[in-house]
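The values are calculated or read from the model by the stated rules, or taken from the named source; none is laboratory data. Bear in mind that the values here come from a model prediction, so they are computed numbers and not experimental data. Here the Cβ positions follow ideal geometry from the backbone for every residue, glycine too, while neighbour counts run over all protein chains shown. In case anyone asks, the SASA skips ligands and DNA or RNA and just uses the protein heavy atoms, side chains included. Shrake-Rupley method; radii C 1.70, N 1.55, O 1.52, S 1.80 Å.
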Amino acid sequence: MRSGEELDGFEGEASSTSMISGASSPYQPTTEPVSQRRGLTGLRCDPDYLRGALGRLKVAQVVLALIAFICIETIMKCSPCEGLYFFEFVSCSAFVVTGVLLIMFSLNLHMRIPQINWNLTDLVNTGLSTFFFFIASIVLAALNHRTGAEISAVIFGFLATAAYAVNTFLAVQKWRVSVRQQSTNDYIRARTESRDVDSRPEIQRLDTFSYSASRTVRKKSPTSPLSLNHWQLA
């Protein structure tokens, strides 16, 4: 029999051997989570979107709204100033919201939040921006003092209105296509489920048996104490 010291030495050698073999094993668990790698690889620019019509319109809208905002910010004197303040608010809001949507679409970040209908969101943003840019440009053109900054702001305001109007038209078409696809997918899913039920006769037999059993129980239901006793004895 081995003594206690020999057993302790044997266990120490076994543990050190297992540590060495584990360190040299090629099947080592990675310390980097899979979700982090997916998140880093997902943040890539989508050149197809930027080269498309919607991507180019988004870039044009951001640039035009920014230039219009810069032009209106260079005006130092105004009387009355309501039209200038309204144009300033519209151009700044359109620049911020459209810039955020451009980043979301160009980096495919909207794919990570499928709970939001992004086609409808883009449609609402472009429609409201078209309306408010058009009103703000008309008000500023009617109340300006014929200065260079005000004339430039009005010109870029109408150009931004045209860009948003074209984007609204394309967004409406894209939203209609998405609604049709959703309805088609729902119809195909319903047809597939019905075919699955028809192709499984055991489900149909089970439903038929349940229906016949329920009708039998209804027919044999007791209506008097004597019939109740007879039903219990049976």
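Restricting the range 108-133 to residues that are of a type in the set (Phe, Trp, Tyr) and at pLDDT 90 or above leaves a set whose member that is nearest to Phe69 (Cα to Cα) is Phe133. Does the range 125-158 hold any residues that are buried (at least 16 other Cβ atoms within 10 Å of the Cβ) and not in a helix (DSSP H, G or I), and which are they? Across the range 125-158, the qualifying residue is only Asn144.
Restricting the range 94-114 to residues that are small (Gly, Ala, Ser) and out of contact with any Ser or Thr (no Cβ under 8 Å at 6 or more places or on another chain), which is farthest from Leu54 (Cα to Cα)? By that ranking, first place goes to Gly99. The residues listed here are Ser106, Ser79; of these, the one that is among the hydroxyl-bearing types (Ser, Thr, Tyr) and over 30 Å from Gly148 (Cα atoms) is Ser106.
When the helices (runs of 4 or more DSSP H) confined to the range 9-107 are screened for residues that are modelled with pLDDT of 90 or more, surrounded by 14 or more Cβ atoms within 10 Å (Cβ to Cβ) and among the hydrophobic types (A, V, I, L, M, F, W, C), those reaching at least 2 such residues are found at 53-73, 82-106. Kindly provide the set of residues from the range 162-193 that are open to solvent by less than 50 Å² (accessible area, probe 1.4 Å) and of a type in the set (S, T, N, Q), ordered by number. Passing the criteria: Asn167, Thr168, Ser178.
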